[in-house]
1. Could you please tell me which pairs satisfy a Cβ distance under 6 Å, a separation of 6+ or placement on different chains, a first residue in region 160-174 that is within 12 Å of GLU252 (Cβ to Cβ), and a second residue that is aliphatic (A, V, I, L, M) and buried (at least 20 other Cβ atoms within 10 Å of the Cβ)?
2. So, in region 206-259, exactly how many residues are touching a Cys at 6+ places or on another chain (Cβ under 9 Å) and either surrounded by fewer than 17 Cβ atoms within 10 Å (Cβ to Cβ) or not assigned by TED's automatic domain parsing to the domain that holds PHE154 (or both)?
3. Scan region 184-200 for residues that are among the hydrophobic types (A, V, I, L, M, F, W, C) and closer than 23 Å to ILE150 by Cβ and jot them down.
4. Restricting to region 60-108, count the residues that are out of contact with any helix residue (DSSP H, G or I) (no Cβ under 6 Å at 6 or more places or on another chain), among the basic types (Lys, Arg) and under 15 Å from GLU42 (Cα atoms).
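The values are calculated or read from the model by the stated rules, or taken from the named source; none is laboratory data. Bear in mind that the values here come from a model prediction, so they are computed numbers and not experimental data. All Cβ positions, even for glycine, are placed from backbone atoms using ideal geometry, and neighbour counts span all protein chains on display.
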Amino acid sequence: MKKVLLILLCLSFSLGAAAQMDTTGRYAGLDSLLTQFYTALEREEPPVKNAEFDTLIGSCRDSLTRQHVALSVFDHYRFSRIMGEEAVAVHIFDEWIAPGRVETRSEFELFEAERFALENRSTLLGMTAPKVTLKKVCGGKKTIPDDGRISVLFFYSPGCAKCRLETQVLPSVLAEVRFPMNFYAVNTDTDRRAWKAFRKALNAGNTNRKVRMVHLWDPENESSMLIDYGIFSTPKVFVAMEDGEIIGRRLEMENLLQIIQYINILYGEEKED
């Protein structure tokens, strides 16, 4: 099925240059085949998808068709709600857009593509969480995440309405933790007074002794935190295993709870062994 679709797509891309219709009509058939191809590749890992789409994009004989296909694939995986598929969009950017092999349709579109890649490149699922050194409440410094302990990194701003909402939900989520966990509450703002009030709310919401909450910030912007974790907005939540492998990224509290429940089961199985 995938090979048949690939052949059809390549033939369609070859014929696309001869079409003289408007852009919407010209690529309607290609878009329909692309949709089928996305479905056919749904269960494949990102490296397989990357190779398939590199072949597709490379088969386009004219620059406009190549642009349409590359940007369509980029947008499909950029906005995918399936965890881990951002890796395909980052690959398309790095392989085709950044080197100029495919041009974006506007400067704004290029800016958005660059921002997406920067926001996602270092923290894709399966990668090792970047180490960043931040300041503690007392003024000392700490490098996170720690090795040898499961970690949650919660990046927030005290003035962020959604951050405050997530903080209200957090106690019920942390109450489910059945394994040793570090919870790094990282303030991305610079207002010390607002930070103090927010810390109190976070501390009051954690009564689980399995969870060690650590408060950190970077008021002088001395670390690479914002770039490494793509913090262009808050809140942002990541989960890293003991060896630093990222198993959760850009999570809502509901997703964080699901990962915690999964790790609870994992730890339970390990204890039985």
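1. What qualifies is VAL173/LEU256.
2. Adding up the residues that qualify gives 1.
3. ALA185, VAL186
4. So the answer is 1.
Every residue, every condition in (1) surrounded by 14 or more Cβ atoms within 10 Å (Cβ to Cβ); (2) at pLDDT 95 or above; (3) assigned by TED's automatic domain parsing to the domain that holds ILE260, yes or no:
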| site | (1), (2), (3) |
| --- | --- |
| LEU110 | yes, yes, no |
| GLY126 | no, no, no |
| CYS138 | no, no, yes |
| THR143 | no, yes, yes |
| ASP146 | yes, no, yes |
| VAL152 | yes, yes, yes |
| PHE155 | yes, yes, yes |
